[in-house]
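Notes follow once the structure below has been shown.
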Amino acid sequence: MTVDQSVAEVGNLLLYSAMAAYLASFIAYAADLAEGGKEIKAHEGRRAAAVRAAGDEAGAVLTAPSAPPRRRRAAAVGTSLFAAAALLHLGSVVARGASVHRVPWGNMFEFALTGSLVVSVGYLVAVVRAHRAGLGGGRDARYLGTFVAGPVLATLGIALRSFYVEASQLVPALDSYWLIIHVFVAILATALSTLGFSATVLQLTQEKRDRVRAAGKRPGGVFMDALPGAVELERTAFRLNAVAFVMWTFTLIAGAVWAQVAWNRYWNWDSKEVWTFVIWVVYACYLHARATRGWDGRRAAWLSVLGFACMLFNYLVVNIFFPGLHSYAGV
């Protein structure tokens, strides 16, 4: 089939528009965190004044004012902008696929384009679910907004700068229905792992701040006090990584089946196959240590970070610099 370059150009324009909206959303979410930090600092000042007025800590508990609920207008603006960016992003992915009459994940640029969209959609689903649960006292998930909009924007920028290729047809080896199954599940697994990594980084940051606080010092980054604690973040990261691991397991198995169809061998010791298995082993160790060995907190978190580092290496290094049967990066 011929490639419709005009539709591909429309997709590029939609992508640029989405990036502008993501940037505006990132700024709004950052403003929300800064506002939350200021409110927390002011509330602590009022509590300190109450302690001094009461003369003892017990009296302070009775007299200190409680923190009023935040209206979070900046977060509402950020979420609206993020949703608009996701719609534009979706339009870009659809236009890219329509221009080549196939699923839009045949090279590194398209993989990044679709994968970052899945991250955005996953975040919006989490926000909606948290809002519904919030009617019963659940936590607002918009605290992740800054840490999702930023990486999504960076991913799209890197994809445009380093991985962009003109819309074109697939190489023969990829022209299979297995592309839809195998690669799409890999995209889902990568997206969930990215969200899990973001939660893990926040968890490690909160744990470090807790240690500083335990030493009798005041930790920096007051805005972090508006985020969940380390324990809650660790549980969120574990759930995300557990689901991602199941999908990555399917990716590994489906890839072997596709290899049998394409090359008459389930396993070829190709660099891409090896690193896919390495990622699976690292995340398996993380889940095993977390679930059966009682590893929680920092030790399990660093295993999770190692797994995501292997995933980045697989995508950014193996795809480009390791020649093999999977050399379809397109760059």
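The values are calculated or read from the model by the stated rules, or taken from the named source; none is laboratory data. Computed from a predicted model, the values in this text were never measured in an experiment. With ideal geometry, Cβ positions are generated from the backbone for all residues, glycine too; neighbour counts draw on all protein chains shown. Calculation scope for accessible area: heavy atoms of the full protein, side chains included, ligands and nucleic acids excluded. Shrake-Rupley method; radii C 1.70, N 1.55, O 1.52, S 1.80 Å.
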Scanning region 127-156 for residues that are open to solvent by less than 40 Å² (accessible area, probe 1.4 Å), of a type in the set (A, V, I, L, M, F, W, C) and at pLDDT below 90 gives A130, A141, L144
Name the pairs: first residue in region 189-215 and closer than 27 Å to G255 by Cα, second residue in a helix (DSSP H, G or I) and of a type in the set (D, E, K, R), Cβ to Cβ under 9 Å, at least 6 apart or on different chains?
G196/R239
Kindly indicate whether D296 is under 20 Å from L144 (Cα atoms), charged (D, E, K, R) and surrounded by 15 or more Cβ atoms within 10 Å (Cβ to Cβ).
no
From the residues in region 248-268 that are among the hydrophobic types (A, V, I, L, M, F, W, C) and within 15 Å of N314 (Cβ to Cβ), which one is surrounded by the fewest Cβ atoms within 10 Å (Cβ to Cβ)?
L252
Scan region 53-76 and tell me whether some residue there is surrounded by 17 or more Cβ atoms within 10 Å (Cβ to Cβ), at pLDDT below 95 and of a type in the set (S, T, Y).
no
Take the residues in region 285-302 that are over 12 Å from L204 (Cα atoms) and in a helix (DSSP H, G or I), then tell me which one is modelled with the lowest pLDDT.
T292
Might you check whether a residue that is modelled with pLDDT under 85 and either of a type in the set (S, T, N, Q) or out of contact with any strand residue (DSSP E or B) (no Cβ under 6 Å at 6 or more places or on another chain) (or both) occurs anywhere in region 178-189?
yes
Assess whether L81 counts as being of a type outside the set (K, R), under 20 Å from F163 (Cβ atoms), open to solvent by 50 Å² or more (accessible area, probe 1.4 Å) and at pLDDT 65 or above.
no
Could you grab me the full set of residues in region 191-247 that are open to solvent by 40 Å² or more (accessible area, probe 1.4 Å) and among the β-branched types (V, I, T)?
V201, T205, V212, V231, V243, V246
Which one of the conditions (1) modelled with pLDDT under 90; (2) open to solvent by 70 Å² or more (accessible area, probe 1.4 Å); (3) touching a Leu at 6+ places or on another chain (Cβ under 9 Å) does L23 fail to meet, given that it meets all the rest?
(1)
So is F313 assigned to a helix (DSSP H, G or I), open to solvent by 40 Å² or more (accessible area, probe 1.4 Å), at pLDDT 85 or above and not aliphatic (A, V, I, L, M) or not?
yes
Within the set of pairs 6 or more residues apart or between chains, which connect a residue that is free of Cβ contacts under 8 Å to residues at least 12 places away in the same chain inside region 286-307 to a residue that is surrounded by 14 or more Cβ atoms within 10 Å (Cβ to Cβ) and of a type outside the set (F, W, Y) with Cβ atoms less than 6 Å apart?
W295/A289
